[in-house]
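The values are calculated or read from the model by the stated rules, or taken from the named source; none is laboratory data. The model shown is predicted, which means the values in this text are computed figures rather than measured ones. Glycine also receives a Cβ, built like all others from the backbone with ideal geometry; neighbour counts cover every protein chain displayed. We work out accessible area using only protein heavy atoms, side chains counted, and drop any ligands, DNA or RNA first. Shrake-Rupley method; radii C 1.70, N 1.55, O 1.52, S 1.80 Å.
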Amino acid sequence: MEVLQIQTHSREEMVDITGQVQALLESCGVEDGAVLLYCPHTTGAVTVNEGADPDVVRDIMVNMRKLVPHRGDYQHAEGNSDAHIKTSMFGPDQLVIVEQGRLQLGTWQRIFFCEFDGPRSRKLWVKFLYA
Amino acid sequence: MEVLQIQTHSREEMVDITGQVQALLESCGVEDGAVLLYCPHTTGAVTVNEGADPDVVRDIMVNMRKLVPHRGDYQHAEGNSDAHIKTSMFGPDQLVIVEQGRLQLGTWQRIFFCEFDGPRSRKLWVKFLYA
Amino acid sequence: MEVLQIQTHSREEMVDITGQVQALLESCGVEDGAVLLYCPHTTGAVTVNEGADPDVVRDIMVNMRKLVPHRGDYQHAEGNSDAHIKTSMFGPDQLVIVEQGRLQLGTWQRIFFCEFDGPRSRKLWVKFLYA
């Protein structure tokens, strides 16, 4: 697998990693298949959503925090159970189709690394699967 | 990749696409692996759930709307932030195992294209991965 | 595909299946790629989350029940619509990278089979995809 490094700067953050992933595909020379993006941290996830208007990312994070508040009926002593819950709701993995070495994304789609318990220095694991 | 066309008729809808996907597999002659179903739109998702009783789909959509209401603390001007949030909760991609050219689904499972901001004419991207 | 058997003992449960999946990989002799874990039941899911402190699993299940209660505005007669909703939120499938025959998981990650309408005897389908 390949590894990307991602730095977050606040507790909850969605980082657009589309450019990093595309650059990695090019350096590996892969052509046709799907790229598996996998977060090895238990308070992080990967998703695809709209990247044109930053208010979309803001609305996602603000409303996920409303759904799953930071403080609540939690017994886990680290105080980040909300982050673990959101990780399973968004999922730690994301597949994106690759053709002729290019990420295949819809017009408005960008790939986001989601951190729910930052700020952190994180790794993202990347594995190419052949079609 | 192959492309399926899907038409929705209401704002929120789950369309059973199992037959369309199976027909596509047959036309492509693929045999053994997994099919990646990927929605290139940022208010759509793909999921697998019960297809026998249409009340299940109704219950899913009604209660997702209660969890993530159409109107709320949203700044994105298009008025569809609820749809973007649900897209990341369900995920734009879904893998289904294929063996001997047949979708492998549980007894009650069907594949659904989920639109959260319709009605729309949508595309679904389909990529076959080999086992 | 290969099939794992999983027994649950309460209505909602997350079962750590990491050891079972690793043992299966070894018996199959697969080396490099990703393993697709797929739940063929419509009230079950697969996720990856923290396995070190059992309170994390408890916090996830208690708070998912608060988000999507057992009783509510449901028309499906079987009384398990909450479980169907949670299945689509967590997703029935999960990919994990495999290298040199070993599951590649983060330090705190474990693989969980999630049952939202147990207790049940369940099957988990396992398909290996090559890198």
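Once backbone amide H atoms are built at 1.01 Å from N, B:Asn49 has B:Arg110, B:Phe112 as its partners under 5 Å, excluding neighbours fewer than 5 places away on the same chain. A simple rule links phi to the HN-Hα coupling: the Karplus curve 6.51 cos²θ - 1.76 cosθ + 1.60 with θ = phi - 60°, which for region A:15-24 gives 9, 6, 10, 4, x, 4, 5, 4, 4, 5 Hz, with x for Gly and Pro.
With all protein chains in place and ligands, DNA and RNA left out, the 1.4 Å accessible area ranks A:Lys127, C:Lys123 as C:Lys123, A:Lys127, largest first.
A probe of 1.4 angstrom, applied to the heavy atoms of all protein chains, finds C:Trp125 with accessible area near 30 square angstrom. Computed over protein heavy atoms with a 1.4 angstrom probe, the accessible surface ordering of C:Tyr74, C:Tyr130, largest first, is C:Tyr130, C:Tyr74.
Put the Cα centre of region A:68-131 next to the Cα centre of region C:5-47 and the gap is 21 Å. Our coupling estimate for region C:56-65, obtained by passing each phi through the Karplus curve with A = 6.51, B = -1.76, C = 1.60 and θ = phi - 60°, is 5, 4, 4, 5, 4, 5, 4, 7, 5, 5 Hz, Gly and Pro reported as x. Among the listed pairs B:Lys66/B:Lys123; A:Lys66/B:Lys86; A:Lys86/C:Lys127; C:Lys86/C:Lys127; A:Lys86/C:Lys66; B:Lys66/C:Lys66, those with a Cα-Cα distance over 19 Å are B:Lys66/B:Lys123; A:Lys86/C:Lys127; C:Lys86/C:Lys127. As a ratio to 2.2 N^0.38 Å, the alpha-carbon radius of gyration computed for chain B takes the value 1.08.
Let me know the Kirkwood hydrodynamic radius for the protein assembly as shown, please, with Cα pairs as the basis and the value in Å to one decimal. Kirkwood hydrodynamic radius for the protein assembly as shown: 20.7 Å. When +1 charges are put on Lys and Arg Cβ atoms and -1 charges on Asp and Glu Cβ atoms, the dipole computed for the protein assembly as shown relative to its Cα centre reaches about 560 debye. Be a star and scan region B:1-19 for residues whose amide nitrogen sits under 14 Å from the point 7 Å along the Cα-to-Cβ vector of B:Ser27. Those under the cut-off are B:1-6, B:19.
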